[in-house]
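Below is one structure, written out as structure tokens; the observations come after it.
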Amino acid sequence: MPKQGHFAKSTRLKQLKQFKVKRHVVGENINDEQFIDYVLVRFALTSKRQLSELAGETFQRFIMEICAELNPGNNDLSKIVSEKLADLQSRVPWQFYQQVLADWEKVQRFLQREVPAVPLKERVLLSNPISEHTLEKLVAELLARQTTTAMFLNQAVNEQIKKQTEKRLLKVIINQGRVDWTKIAALWAPFNFEPADNLDAGTKKWLHQLATLN
């Protein structure tokens, strides 16, 4: 499938308003290049309406990232989501993970329902959905790692100390099997998130909006 890179430019998202999901006759397929746009329009017409405006934009961008990794035939959704979340950890504020956890079940059901239904010559199939428990554990581990990195930024610290700190933080931010967002917010209070310079203005605005959530 077409590769988008790390988050779509805001101009690409605006172009979706011009993309129409037409009624297809039996046997009529769309081009592979239209796959991501097709999925996003279906998202805008269905599940996005159940989300807040900011969460809707967050998942629209995250779905683009996921869809860029999908190929014809079977795809391991759990593996793709896990790798994508890990890949993004240095590019997004911690609030991104909070939004993903809060509404992932809705979005995963959308992907399971809509992606295999996209009328491509070779259908894209999804298997192995990621469970809520697995996603919670993954996010906690990523946040512990991200926080450790921020704490020791520009400091000469050996890997053993970093690993020990990461393990201690993991115990702190997990409360009865759930991420304690109050503790995450407190840990990140001393740090300011700044989007990468090479991002477009729309993406920077979205990331700044995420970073101001409590």
query = Per 5 Å bin, what percent of the C-alpha pairs of the chain does each bin hold, from zero upward?
reply = 1, 6, 14, 17, 19, 15, 11, 7, 4, 2, 1, 0, 0
key: For peptides 101-108, 187-194, sequence by mean Cβ density within 10 Å, most packed first   = 101-108, 187-194
inquiry  = I need 152, 110 ordered by Cβ neighbour count within 10 Å, fewest first.
reply    = 152, 110
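Values quoted throughout were computed directly from the atomic coordinates according to the rules given, and no laboratory measurement underlies them. Please read all numbers here as calculations on a predicted model, not as lab measurements. All Cβ positions, glycine included, derive from the backbone under ideal geometry; neighbour counts span all protein chains shown.
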